[in-house]
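A short write-up of the structure that comes next.
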Amino acid sequence: QVQLVESGGGLVQPGGSLRLSCAASGDIANAFAMAWYRQAPGKQRELVAVISSGGSTNYVDSVKGRFTLSRDNTKNTRYLQMNSLTPEDTAVYSCHTVFLGSAYWGQGTQVTVSS
């Protein structure tokens, strides 16, 4: 069984920054792929960024140049650094991984960008 625990959300002013963390525990390899999704009120869930097991990253166009993925395999943790935040980034952010054929989600963390 794998558990994903997120942290780091909150309220930030436009132009500000937040760093989300997703820590994995349980029977999972250190180098695991992870995706971050977000869902804004009234909108469909959107894939934001992915980091592969090898460490390569991909981002949706709307966050390129502003969001950065990183990882610490020793802590089984993946990070999403979010800079230059705008109100359009307001959403619940969730981390997601698939390991040995099973899918796992974090509990979600609210990010609100507002003045």
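The values are calculated or read from the model by the stated rules, or taken from the named source; none is laboratory data. Values in this document were obtained by computation on a predicted structure and should not be read as measured data. Backbone-built Cβ (ideal geometry, glycine too); neighbour counts: all protein chains shown. Areas reflect the complete protein model, heavy atoms only, side chains present, ligands, DNA and RNA absent. Shrake-Rupley method; radii C 1.70, N 1.55, O 1.52, S 1.80 Å.
Table for the structure above
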| quantity | calculated |
| --- | --- |
| Close pairs (8 angstrom Cβ cut-off, 6 or more residues apart or separate chains): under 18 Å from Pro87 (Cα atoms) and assigned to a strand (DSSP E or B) in region 27-43, of a type in the set (Lys, Arg) and open to solvent by 50 Å² or more (accessible area, probe 1.4 Å) anywhere | Tyr37/Arg45; Arg38/Arg45; Gln39/Arg45 |
| Per-region count, region 97-115, residues crowded, with 20+ Cβ neighbours inside 10 Å and of a type in the set (S, T, N, Q) | 2 |
| Unmet requirement for Ser94, which otherwise passes all of (1) in contact (Cβ under 8 Å) with a residue 24 or more places away in the chain; (2) open to solvent by 60 Å² or more (accessible area, probe 1.4 Å); (3) small (Gly, Ala, Ser) | (2) |
| Residues within region 60-83 that are among the basic types (Lys, Arg) and under 13 Å from the mean Cα position of the chain (by Cα), tallied | 2 |
| Verdict on Val48 being open to solvent by less than 20 Å² (accessible area, probe 1.4 Å) and under 15 Å from Phe99 (Cβ atoms) | no |
| Region 71-91: number of residues that are at pLDDT 95 or above, open to solvent by 50 Å² or more (accessible area, probe 1.4 Å) and closer than 27 Å to Ala29 by Cβ | 1 |
